[in-house]
1. Keeping to the stretch 23-46, report how many residues are in contact with a Leu (Cβ under 8 Å, 6 or more places away or on another chain) and not in a helix (DSSP H, G or I).
2. Take the conditions farther than 15 Å from PHE153 by Cα and basic (Lys, Arg) and apply them to ARG99. Does it pass?
3. GLU81 versus (1) closer than 30 Å to THR206 by Cα; (2) buried (at least 21 other Cβ atoms within 10 Å of the Cβ); (3) out of contact with any helix residue (DSSP H, G or I) (no Cβ under 9 Å at 6 or more places or on another chain); (4) not small (Gly, Ala, Ser): which is the lone unmet condition?
4. Do we have any residue at all in the stretch 4-22 that's assigned to a helix (DSSP H, G or I), of a type outside the set (Asp, Glu), more than 26 Å from ASP271 (Cα to Cα) and modelled with pLDDT of 90 or more?
5. Exactly one condition in (1) surrounded by fewer than 14 Cβ atoms within 10 Å (Cβ to Cβ); (2) in contact with a helix residue (DSSP H, G or I) (Cβ under 8 Å, 6 or more places away or on another chain); (3) modelled with pLDDT of 90 or more; (4) assigned to a helix (DSSP H, G or I) is false for PRO268; which is it?
6. Can you find, within the stretch 112-160, the residue that is farthest from LEU224 (Cα to Cα) among those that are part of a strand (DSSP E or B) and small (Gly, Ala, Ser)?
7. Taking MET117 as the residue in question, decide whether it is touching a residue at least 40 places away in the same chain (Cβ under 8 Å), surrounded by fewer than 24 Cβ atoms within 10 Å (Cβ to Cβ) and within 11 Å of the chain's Cα centre (by Cα).
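The values are calculated or read from the model by the stated rules, or taken from the named source; none is laboratory data. These numbers were taken from a predicted model, which means no experiment stands behind them. Quick reminder, even Gly has a Cβ in these numbers, built from the backbone with ideal geometry, and neighbours come from all protein chains shown.
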Amino acid sequence: MTTFSTGPASYTGSTDVSLPSVAQSRIQHISQAGSAASSMLAGSDYLLLDAMGFEPVAAVMGLSVVHLGQIQVAGLKSAVEIEAHSQARTMGWANAMTRMRQEAEQLGADGVFVHTMNAARFDGEEHEYSVKGTALRLRSQPGALRTPSGQPFSCHCSAMLLYQYLRRGLCPVAVRYDCCVYHVPHRTLRQALGQTFQNTEVPVFTDGWYTGREIALSRLHTSLEQAGAELVLSVSLEENEGGMEHTSEFRAFGRGWRRMPQLAELIPEVDLVPSSLIDRDGLYPTTSPRTP
């Protein structure tokens with residue numbers, strides 16, 4: 001039983017977030033002494049994280065395919081949230097992140113350096129949510145950077161930015177996507193005709209889209225706060241059509257951080273010149289003259 005925090009409202013959904021047997025077997029193999037480490041890190045990220053004192057443990061992932069089967073009819077003649085769709089999308093992201101975190105936790109990692117977060121739709125009603133990353137362990141003091149609840153952190157930013165935050169005593173907690181699917185009803189014929197030749201605000205749309213965005217932001221803030229974050233940074237708010245007429249989906253994304261004043265003592269100062277040169281080499285690759 002998993003409870004999803006939704007700002008002004010809340011709902012509870014039953015879901016199984018266990019890992020499939022093939023994932024358990026892979027993690028068990030990696031956990032054995034002498035097993036090779038794996039990662040999704042680019043060369044420059046690997047070198048910088050290594051200099052910071054992190055070692056990659058394994059490539060980890062999480063996945064959830066959610067079926068949008070519930071239909072909400074009540075309230076569609078007024079401005080209202082389509083809670084069934086909001087719940088399904090929230091569940092998809094939460095389950096995918098939970099599974100990735102479980103893989104990292106079973107590997108004894110301090111956290112996950114997240115590489116991608118993707119959502120895809122197929123067959124109309126099925127939505128796939130997937131996250132991929134690299135589980136990291138702090139060599140000098142394993143477990144020191146886990147969240148207040150004892151779980152591995154998740155961080156979705158560049159290795160350079162992570163280094164700057166850690167050196168300033170800010171430790172990552174989690175990344176989150178939270179959403180609100182909101183419906184605004186059609187205007188009456190009288191309302192539409194009355195506004196045809198006027199430059200005027202449409203209050204029902206203003207209030208509806210405003211409310212949808214605020215709900216998404218409230219859920220993001222609440223979920224990261226409950227995870228132990230003291231700061232919510234890099235907040236972004238996106239919107240697109242929600243799959244029904246006059247319905248929009250509002251998605252809020254953010255990164256949670258907490259203050260650890262003693263953190264700088266665990267992260268050595270790094271000479272950034274070599275990593276910068278490697279990054280520059282990737283941005284401006286050399287080319288050979290073409291031969292006929």
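1. Residues in the stretch 23-46 being in contact with a Leu (Cβ under 8 Å, 6 or more places away or on another chain) and not in a helix (DSSP H, G or I): 1 in total.
2. For ARG99, the condition - farther than 15 Å from PHE153 by Cα and basic (Lys, Arg) - is not met.
3. All conditions are met except number (3).
4. For the stretch 4-22, residues assigned to a helix (DSSP H, G or I), of a type outside the set (Asp, Glu), more than 26 Å from ASP271 (Cα to Cα) and modelled with pLDDT of 90 or more: present.
5. (4)
6. Per the stated criteria, the residue is ALA120.
7. So MET117 passes the test.
Table: residues versus (1) at pLDDT below 90; (2) exposed (fewer than 12 other Cβ atoms within 10 Å of the Cβ).
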| site | (1), (2) |
| --- | --- |
| GLY111 | no, no |
| TYR129 | no, no |
| LYS132 | no, no |
| LEU145 | no, no |
| PRO152 | no, no |
| VAL184 | yes, no |
| THR200 | yes, yes |
